[in-house]
Every structure is written in structure tokens, then in C-alpha cells.
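To start, the structure itself, in C-alpha cells.
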Amino acid sequence: MIEQIALTGNESVALAMKQINPDVLAAYPITPQTEIVQLFSQFIADGELDTEYITVESEHSAMSATVGASAAGARALTATSANGLAYMMEIVYIASSLRLPIVMTVVNRALSGPINIHCDHSDAMAARDSGWIQLFGENAQSAYDNMIQAVRIAEIEKLPVMVNMDGFIISHAVENIRPLSDELVKKFLGEYEAKYRLLDSKDPVTFGPLDLQDYYFEHKRQESHVMESVMGTVLKVAGEYKEISDRNYSFLEDFMINDADIILIGLGSTMGTARVAAENIRKKGIKAGVINLRLFRPFPGEKLREILADKKIIGVLDRADTFSLNGGPLYSDILNVLYEQGEKKIVNYIYGLGGRDISISELEDLYIQLDKLKDSAKIENRIQYIGVRE
Amino acid sequence: MSNKEKKGWKELPIGGLILNSGNASDYKTGTWRVKKPVYIEERCIQCFLCWIYCPDMAINVENGEVKGVDYYHCKGCGICARQCPTTALEMINEDENYEKEG
């Protein structure tokens, strides 16, 4: 077993994809595609993998080819980023509605414009309501681990999974990770046996028929219903993964929340920075805690209600805006979940758009602000933009 | 089929998949009609043009003879009536009752 190696986030995910050894991978090898599929194609060129690698002519075709392969019964992967995800969006919805267990890494970058290639979550949020399961990782290790678990989750629930990781901050930074051995991954995933196969001539199945007023609604209802069992499956797969990796995963990762008054909650790489800020600020007597949300779709509302029940004030970090005047997408979900707990104070911090850095001291300032607000009668400014010049 | 007779989301196959092949005949397209063809046996010369032209195979044939229209599938397109050389098929409004001549 490999103990510890230094890899970028892209290399970590490419390694996971190599160990998954999918039947098919389709990708469009140009910007905004990432290094992930380039590294993967090298494994094939070097004769290390027997994956059918399809270089298509657009991201729309990348997802189309992946959908076709998955419908045929193949274990199929792809990867994308930012505008590439936007371009494939039509087929992203088709993948989930056909209940195909596709796994796709999304290296989270800004959906331009003005033209920008750096980290924010606007791409993932554009796919928020597509019926995909969405996992977020905080570092290269969790991106790697999420990737492998995603294959199991997808195949159990017959749903596609989007494995999100922050562009550049995770994708290009080198970190020490502890990958599993090829054999362990192979054993963990097992052989994929699709329940329905498009190309099974002995038991033919129709995929993607016209589905009008009389049945479409029922199929959409199934898509919302299956999310209930996804919650259990995410935990089950995490439990099995812990046995082979000794690493703990759940819906979220909490940090010093038990005695905390003030919680910062968010997605992605910033939550590591938030942990450092929380530790620092505790030295000043502020009881700070962090929730790093791993599962964003479906949204673990029940769990959050439970662990936030006794918290006085919550700061919600959103690396995307909705331009609704109602704050970011995560903020809306948190408000929704905590609505019945009434009295709670919830402040939204929109930050980091287009790769704008957020520092430890900025996050410490948020804890200080929240500490002051927690006892104030009224919050004047519920939606704030952090790190933007006035 | 009324809405209540159709399967609910708990019973339907996932993903809009159709698991049985050759099931198009189960689908009732007769409700699409605005006008319907009426078969007038006395005028029919058994030329089978209606049977050839019907895009939905909705002309009933028994023992080698045209016997009328399959209203479960007939969409009321009117092609049969249009091509019939002896006006043995006539289009009437869906809600009209046809009374035979004479």
C-alpha cells in the first residue's frame, strides 16, 4: 500500500479515476476542461488502462457519450469545469432523469463573464437542481476519497454523482495524500452490473421515450423520492470506506461545534481556512465552530436542524451569488432548514467570487462580527459581501 | 385510460424506462381523435387501400375481409376516408352518432 504521496488535486482525482478503471470515459480536451482528463489519457496511452477513451467535439457531446455508455451498461465517467458544465447542462439533466450512475468531477470555477477561470461555486450551483447528487471536497484527499465513494453511491442509487472540488486552490495545489492501493479500490467497487442495459438484445429496454403530461410528473416524483434513500446510502458507503481507508466521512464534517455559540458553515476549500480561524479566535474567548458541508444535494436538512438547534448565530459562507437580493444558494437552504427554529440569527457572507482569496484574518473578523451580533436585537445587514472593494 | 387507471410513481419503472418490448399497441391513441372514420360496409369493395394507407394499423381485418376501424388506436387522421374510392369510410365529428343511410 502506498503510504503518502504528494499530488495536486487534479493528479489525485486522475489517480482515483485510474483505480476506478471505468469502461468508458468521454471528454473534450480543451479549455475549460482540466488536467484531469489529460492525465487520464496518458494512463491509457501508456497502456496502463483498457478504458474506452472517447475524445468528443464538445462538452455537450462528452456528457452525451457518457449517457450513451452508461445506458449501455458501462461504468462511465467524465470530468468538466465551469463553462464546460454549462455547455453540457442539457444532457446533465438527461443523465439524472434516465437514472444513470455516471460520476463526474467538476473542478469548480467561475461561470464567466467577465472572463474568469478561477475558483467559485457558480458552476456547481447552476447544476444544483439537476437531480444529481453533489459532493464537495475540502482538499485533494477528500476529492480523491469522494471520487471513489461516488462510484458506489451512484451505482446503488442509479443516480449520477458530481464530485466537486475547488478550482486551482485544490486542483493545482500540491498536497500530501494517502491513496488506497489499486487492489483495495477494485475490491471496494466490485464489478458493475447494470440492472437495465440498452444493448441487451435478449431483454430489450427503451431508454428516453417521450414522456408527456400523463407520466412525466410521476418520473420527476421518483427523482425526488430517491433522494431520501441517498441519505442513507451516503452514510453506508462512508462506513464501508472507513474500513478500508480509516478515514471518516459523513454528510458534513464538524469542528469544535459541541460547545460552540457561533458556527460558520460552507463548502469546499475555505472550510479548512475556517478551522484555523476558529482555533485562533477561541483563544480570544469566542466559542467558534465550523461545519464543512460535504453533501449539498440532497441537502442534509434533518442533520443540520439537529446540530444547529442550540446555536445562537450562524454565518453562511457562499462562494456564489444568486442575484436575487436574497443571498447565496447555501444561505437559502440554511434558512429553509432552520425556519421552524424561529429565533435564530443567520448571516450570509458571499465571498471569493472569481477566485478572490479569503484569508484567515478575514474569517476571524467574521467570527468577531457574529459574536457581537449574537446578542444584538436586530441584524441590519443580513447579506454581506466579503473581500470586495466598495 | 383515465388518470386513476394509470400507474403511480411508486409502481412505474424508474427513469421513464420501458421494460417490455412491443408495447406500442397498449397505448391508447384513440383519445386523440377530433373526427372519427365510420365504416359503411355496403359501399366497401374490399380493395384494402384503407388497410394499406392507415399509419396506425387501425383497420380491423377478419378472415381476409375489412371489418371496420379499431377505435382504441385510430387517431382520426382521415387518410382512410380520403383515399377510399367508394366512400365506404366517412369522417364525422367524434361526438356525433352516425346513422346509416337508407
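Laboratory data are not the source of any read-out in this text; all were calculated from the coordinates shown. This is a predicted model, so every value here is computed, not measured. Methodologically, a virtual Cβ is constructed for each residue, glycine included, from the backbone with ideal geometry; neighbour enumeration extends over all protein chains shown.
Each of B:Trp51, B:Trp32 has some number of other Cβ atoms within 10 Å of its Cβ, and from fewest to most they run B:Trp32, B:Trp51. Among A:His60, A:His225, A:His172, the largest mean-square fluctuation in a Gaussian network model of chain A (Cα springs under 10 Å) belongs to A:His225.
Among A:Met162, A:Gln384, B:Tyr71, whose Cα lies farthest out toward the positive end of the dipole of the protein assembly as shown, if unit charges sit on the beta carbon of Lys, Arg (+1) and Asp, Glu (-1)? It is A:Gln384.
Where only DSSP H runs of four or more residues are counted, chain A gives -12500 deg cm²/dmol as its mean residue ellipticity at 222 nm, each run worth -39500 (n - 2.57).
Between region A:1-51 and region A:189-247, the C-alpha centres lie 25 angstrom from each other. Taking every alpha-carbon pair under 8 Å whose residues sit at least 6 apart, chain A reaches a relative contact order of 16 percent. Measuring how big chain B is from its alpha-carbon positions, Rg and Dmax come out at 16.6, 55 Å. The translational diffusion coefficient of the protein assembly as shown, from Stokes-Einstein at 10 °C and 1.306 mPa s with a Kirkwood hydrodynamic radius over alpha carbon pairs, comes to 62 µm²/s.
Dividing the convex hull volume of the alpha-carbon atoms in region A:18-161 by its residue count gives 98 Å³ per residue.
Annotation note: trypsin sites (Lys or Arg not before Pro) in region A:153-212 located in DSSP loop regions with a Cβ neighbour count of at most 16 within 10 Å are A:Lys195, A:Lys202.
Residue by residue along A:219-232, Cβ atoms of other protein chains within 10 Å of the local Cβ number 2 on average. In the elastic network of chain B, a GNM with C-alpha springs shorter than 10 Å, the most mobile of B:Ile40, B:Ile79, B:Ile52 is B:Ile52.
Ordered by the count of other Cβ atoms within 10 Å of each Cβ, fewest first, A:Met104, A:Met231, A:Met125 give A:Met231, A:Met125, A:Met104. Pick from A:Glu59, A:Glu364, A:Glu380: which residue has the top mean-square fluctuation in a GNM of chain A where Cα pairs under 10 Å get a spring? It is A:Glu380. Each part reduced to its alpha carbon centroid, region B:39-102 and region A:144-158 end up 57 Å apart. Mean partner shielding of peptide A:201-212, defined as the number of other chain Cβ atoms within 10 Å of each residue Cβ, is 3. Of A:Arg152, A:Arg389, the sequence from fewest to most neighbouring Cβ atoms within 10 angstrom is A:Arg389, A:Arg152.
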